[in-house]
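> Pasting a structure below so you can have a look.
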């Protein structure tokens, strides 16, 4: 008896599965190249004219009989690994295909597709027109592709696909860009294994190889997970040093092996390509083909190191026959909450953290040498320092030289060199040896607060501004009552974020953004009084400074909170703001969450944990804790140093003037004298100081 229930297929499902799934021709061709690989092809030829209306892909693989065409190719959702096993019959290649819907990808870029295939003399040729297919599906009728004459130029055995009536907005890519994208989407192209298996892909007769990878040509430092996959030295002309990573298995999972590499370019701009997109990512490969377009943006890795990183890692355990399929329909992304994906993210985050420390030291040394070669005055200055102070001086120079600035902003680097030398000399004259030693490990996150901007050095008003701030800080420091401190901080903190970070001098708020956060995420931000009391929250605000989005939450002074609770709250805030910013078009926002506490957080599982565990664990997701009392001490120390500095020696003036190619508006001695002169008048307000004309 026929069931009273019936399942139907809506046209939109077919569109989502393949017809409208792919947004560019490189992704579509990747599906066809993967099919050729699974068919044991050794050669794939792609005829592509970016301005034409035809795209041809042919291979010398096993081809298909007419039965195979109907049973496999025209069977949407055919599970290759279920019915044909896990490897190809000739070369025993692990099958790339799995879902059986990649064949639909061709209709993302073409309205007419012709297929010519043959195996053992059995030839098949047919044509599918997208308009006809869509019409049949709407009517609920079967669709029969049109038979056409077999092309005598098609490979025998093998398969040839001819795509016409191309969708221009998705095929508007240059041949050079297509070569680059395919080179990064496969780890098997151009490689010969010990069995003699070789897989060649040609575009317009020219084979794709390592030379098509702009990421390799840009590498300055390289980290590799396995000696068996060494990148040829000839493809890395700028490489300064390479490292072999000893750990290449996921902890507690000995069969989850990671191969491949990641590296850093000399400049972030070298990873920005106009025709092939950004290379600032680490692609993930499984079974020889791309399965995740970028894992870097999933790591929460916000250090400056991340702006220089590119790479390709291979993790076949993500596409295991014995595990669930976790690739999305277009096989370019992964299900993010799968244990394998989460383990890989943790593994890669730690690998990048370890590499970033080494990179920072190596880069500062190399950039210091480059800067001294470009600016002989810098070398003379370093050579004139005591031996014990030369290393931190070189570290400071290397950091400034390595800052990523656009070519039209190189003058800013000269200004930073001037400010850096003055700051260094100020510490040296105060004999602050421990602070000079800290310059060895200084990173860019802490550089700018140390180097007060040049206009402050050149402004006689700055001494007045500093004095007024120091006076206010000292008044706050004298408060002993916790509630009094809470009231004062609530009133002044959010409008004076320089208290949290001297680099946040011009941090601004946004009533619209705060409104949107409370509207879209009421459970997290728009709390009632009872919930505020439970969380110990006094206030929470959104601010932005120089492209960084900042959430600052002020907790009650007496509130005791666990590290685990604080981490959960901070990551929740960051996730909410991330979603909101993405909806506004910012796909990779920089977000920092700061908690102001009166007491150190408790660690529930604190056995054997290092003293800096809380600080380091919060850095992983760009969180930070600032304490009421240390906040005041740090602010007082940071601004007080300018009031206690001595006059600069004359030879420093010669160095800074030579770097900039001219003199300062005032000499360093005059600037310093203005900064430490006694206050003769009331400190001007910010409004009046803006109107004051600079000298």
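The values are calculated or read from the model by the stated rules, or taken from the named source; none is laboratory data. All of these numbers come straight from a predicted model, not from anything done at the bench. Glycine gets a Cβ as well: all are built from the backbone with ideal geometry, and neighbour counts include every protein chain shown.
> Does the range 178-192 contain any residue that is free of Cβ contacts under 8 Å to residues at least 12 places away in the same chain and not assigned by TED's automatic domain parsing to the domain that holds residue 403?
Applying the first criterion (free of Cβ contacts under 8 Å to residues at least 12 places away in the same chain) to the range 178-192 yields 191-192.
Imposing the further condition that a residue be not assigned by TED's automatic domain parsing to the domain that holds residue 403 reduces the set to 191-192.
Yes, the range 178-192 contains at least one residue that is free of Cβ contacts under 8 Å to residues at least 12 places away in the same chain and not assigned by TED's automatic domain parsing to the domain that holds residue 403.
> Could I ask something else about it? Any residue that is under 30 Å from residue 286 (Cβ atoms) and in the same structural domain as residue 45 (by TED's automatic domain parsing) - is there at least one of those in the range 118-140? First the steps, then the outcome.
So the first thing to find is which residues in the range 118-140 are under 30 Å from residue 286 (Cβ atoms), and the list is 119, 128.
Checking which are in the same structural domain as residue 45 (by TED's automatic domain parsing) leaves us with 119, 128.
Yes - at least one qualifying residue is present in the range 118-140.
> Return the only residue of 306, 277, 266 being out of contact with any strand residue (DSSP E or B) (no Cβ under 9 Å at 6 or more places or on another chain) and closer than 25 Å to residue 394 by Cα.
306
> Take the range 41-62 and flag every residue that is in a loop (DSSP other than H, G, I, E, B), within 36 Å of the chain's Cα centre (by Cα) and closer than 14 Å to residue 157 by Cα.
Correct list: 41, 42.
> Please verify whether residue 36 is crowded, with 21+ Cβ neighbours inside 10 Å, in the same structural domain as residue 156 (by TED's automatic domain parsing) and within 23 Å of residue 152 (Cβ to Cβ), treating the condition exactly as stated. Explain how you work it out, then say what you get.
Values: crowded, with 21+ Cβ neighbours inside 10 Å: yes; in the same structural domain as residue 156 (by TED's automatic domain parsing): yes; within 23 Å of residue 152 (Cβ to Cβ): yes.
The answer is yes for residue 36.
> Looking at (1) surrounded by fewer than 20 Cβ atoms within 10 Å (Cβ to Cβ); (2) out of contact with any helix residue (DSSP H, G or I) (no Cβ under 7 Å at 6 or more places or on another chain); (3) farther than 24 Å from residue 238 by Cα, find the lone condition where residue 269 falls short.
Residue 269 satisfies every listed condition except (3).
> Here is a follow-up. Which members of the range 138-158 meet the condition of being surrounded by fewer than 19 Cβ atoms within 10 Å (Cβ to Cβ) and not in a loop (DSSP other than H, G, I, E, B)?
Within the range 138-158, 138, 139, 146, 147 qualify.
> So, residue 612, is that one under 20 Å from residue 303 (Cβ atoms), at pLDDT below 90 and surrounded by fewer than 19 Cβ atoms within 10 Å (Cβ to Cβ) or not? Reasoning before the result, please.
Working: under 20 Å from residue 303 (Cβ atoms): yes; at pLDDT below 90: yes; surrounded by fewer than 19 Cβ atoms within 10 Å (Cβ to Cβ): yes.
Criteria met by residue 612.
> Give me the residue from the range 567-585 that is out of contact with any helix residue (DSSP H, G or I) (no Cβ under 9 Å at 6 or more places or on another chain) and surrounded by fewer than 14 Cβ atoms within 10 Å (Cβ to Cβ) and, out of that set, farthest from residue 516 (Cα to Cα).
568
> Which condition from (1) surrounded by fewer than 22 Cβ atoms within 10 Å (Cβ to Cβ); (2) in contact (Cβ under 8 Å) with a residue 60 or more places away in the chain; (3) more than 26 Å from residue 209 (Cα to Cα) is the one that residue 50 breaks?
(3)
> Follow-up question, since we're still on this one. Tell me whether the range 384-396 contains one or more residues that are without any contact (Cβ under 8 Å) to a residue 60 or more places away in the chain, in contact with a strand residue (DSSP E or B) (Cβ under 9 Å, 6 or more places away or on another chain) and more than 22 Å from residue 266 (Cβ to Cβ).
So far as the range 384-396 goes, no, none of its residues is without any contact (Cβ under 8 Å) to a residue 60 or more places away in the chain, in contact with a strand residue (DSSP E or B) (Cβ under 9 Å, 6 or more places away or on another chain) and more than 22 Å from residue 266 (Cβ to Cβ).
> Can you name the condition, by its number, that residue 201 falls short on among (1) buried (at least 16 other Cβ atoms within 10 Å of the Cβ); (2) modelled with pLDDT under 90?
(2)
> Among the residues of the range 100-129, write down those that are surrounded by 16 or more Cβ atoms within 10 Å (Cβ to Cβ) and not in a strand (DSSP E or B).
Residues satisfying the conditions are 100, 101, 102, 103, 104, 105, 106, 107, 108, 109.
> Considering only the range 544-570, state which residues are in contact with a strand residue (DSSP E or B) (Cβ under 8 Å, 6 or more places away or on another chain) and part of a helix (DSSP H, G or I).
Answer for the range 544-570, where residues must be in contact with a strand residue (DSSP E or B) (Cβ under 8 Å, 6 or more places away or on another chain) and part of a helix (DSSP H, G or I): 563, 566, 567, 569, 570.
> Additional query: Of all residues in the range 63-87, which are assigned to a loop (DSSP other than H, G, I, E, B) and surrounded by fewer than 21 Cβ atoms within 10 Å (Cβ to Cβ)?
65, 74, 75, 76, 77, 78, 79, 85, 86
> Return yes when residue 198 is over 30 Å from residue 132 (Cα atoms) and in the same structural domain as residue 40 (by TED's automatic domain parsing) and no when it is not.
Against the criterion (over 30 Å from residue 132 (Cα atoms) and in the same structural domain as residue 40 (by TED's automatic domain parsing)), residue 198 qualifies.
> So, of the residues in the range 223-248 that are touching a helix residue (DSSP H, G or I) at 6+ places or on another chain (Cβ under 9 Å) and part of a strand (DSSP E or B), which turns out to be nearest to residue 310 (Cα to Cα)?
My answer is 223.
> May I pose another question? Can you tell me which residue in the range 571-606 is farthest from residue 307 (Cα to Cα), limited to those that are more than 17 Å from the chain's Cα centre (by Cα) and part of a strand (DSSP E or B)?
At the first step, the residues of the range 571-606 found to be more than 17 Å from the chain's Cα centre (by Cα) are 571-573, 576-577, 580, 583-584, 593-606.
Checking which are part of a strand (DSSP E or B) leaves us with 593-597, 602.
Numbers: 593: 20, 594: 23, 595: 26, 596: 29, 597: 32, 602: 34 Å.
Across the range 571-606, the extreme among qualifying residues is 602.
> Next up: Look through the range 181-198, keep the residues that are in contact with a strand residue (DSSP E or B) (Cβ under 9 Å, 6 or more places away or on another chain) and farther than 20 Å from residue 105 by Cα, and return whichever of them is surrounded by the most Cβ atoms within 10 Å (Cβ to Cβ).
Across the range 181-198, the extreme among qualifying residues is 189.
> Could you figure out which of (1) in a strand (DSSP E or B); (2) touching a residue at least 40 places away in the same chain (Cβ under 8 Å); (3) crowded, with 16+ Cβ neighbours inside 10 Å isn't true of residue 170?
(1)
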